[in-house]
Amino acid sequence: MTSRIEAAQPDTFCILASRSPADELPATEAGADAFVLKPYGVSDPFALMQTFVVEDKDRRG
């Protein structure tokens with residue numbers, strides 16, 4: 001699924017979440033931009049937004 005998202009929407013970030021830490025490596029190998037382990041805290045989505053929206057915008061100018 002991540003490869004289809006990347007092909008169709010190359011500017012879209014793919015963030016996957018799971019309860020199993022063992023899913024992180026397959027997720028990143030499949031092309032996920034980030035992986036979040038459930039349950040995650042309230043600040044985790046904000047940190048991801050900071051990384052992928054604010055910092056990416058700063059890099060693009």
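Residues checked against (1) surrounded by 16 or more Cβ atoms within 10 Å (Cβ to Cβ); (2) touching a Leu at 6+ places or on another chain (Cβ under 6 Å):
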{"position": "ARG4", "(1), (2)": "no, no"}
{"position": "THR12", "(1), (2)": "no, no"}
{"position": "ALA30", "(1), (2)": "no, no"}
{"position": "PHE35", "(1), (2)": "yes, yes"}
{"position": "LEU48", "(1), (2)": "yes, no"}
State whether one or more residues within region 11-26 are in contact with a Gly (Cβ under 7 Å, 6 or more places away or on another chain) and without any contact (Cβ under 8 Å) to a residue 60 or more places away in the chain.
yes
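Each value in this text was obtained by applying a stated rule to the coordinates, not by laboratory testing. Predicted, not measured: the structure shown is a model, and the values here were computed from it. Cβ coordinates were reconstructed from backbone atoms using ideal geometry, including for glycine residues, and neighbour counts include every protein chain displayed.
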